[in-house]
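Encoded as structure tokens, the structure appears first; notes follow it.
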């Protein structure tokens, strides 16, 4: 029975730490690929059943983006909104500073890393408790 528990803990240690490190690298690559997003202030227009935001970028250019359903719902009734636009890419914006995909992968990496670390500590405790 002790060997089975040791094997299970060993599997959780290697899978948790290995997958955690791998997903942390993937999260870093996604973060770098996401680019630079700059905070800005936008005018919100609701007309003809669609919503649109317009803003000036740091270079003085005029940008516009149509809102998806979730963004339109979040900005319903507002005339101005705080947005984040991508530097160097016209007409691209989002309402959050960080990418939801990067955040999800980073949280999964942290969770798996924590699982591996807890299993490693438990393995050490069992090693000294049996000795």
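Just checking, which of 88, 113, 35 is modelled with pLDDT under 90 and within 17 Å of the chain's Cα centre (by Cα)?
35
Looking only at segment 83-119, count how many residues are out of contact with any strand residue (DSSP E or B) (no Cβ under 8 Å at 6 or more places or on another chain) and farther than 14 Å from residue 35 by Cβ.
18
Looking at residue 27, is it within 22 Å of the chain's Cα centre (by Cα), within 30 Å of residue 7 (Cα to Cα) and modelled with pLDDT of 95 or more?
It is true that residue 27 is within 22 Å of the chain's Cα centre (by Cα), within 30 Å of residue 7 (Cα to Cα) and modelled with pLDDT of 95 or more.
Mind checking whether some residue in segment 44-55 is under 30 Å from residue 112 (Cα atoms), modelled with pLDDT under 95 and out of contact with any helix residue (DSSP H, G or I) (no Cβ under 8 Å at 6 or more places or on another chain)?
no
The values are calculated or read from the model by the stated rules, or taken from the named source; none is laboratory data. Every value quoted in this text rests on a predicted model; they were computed, and no experiment measured them. Backbone-built Cβ (ideal geometry, glycine too); neighbour counts: all protein chains shown.
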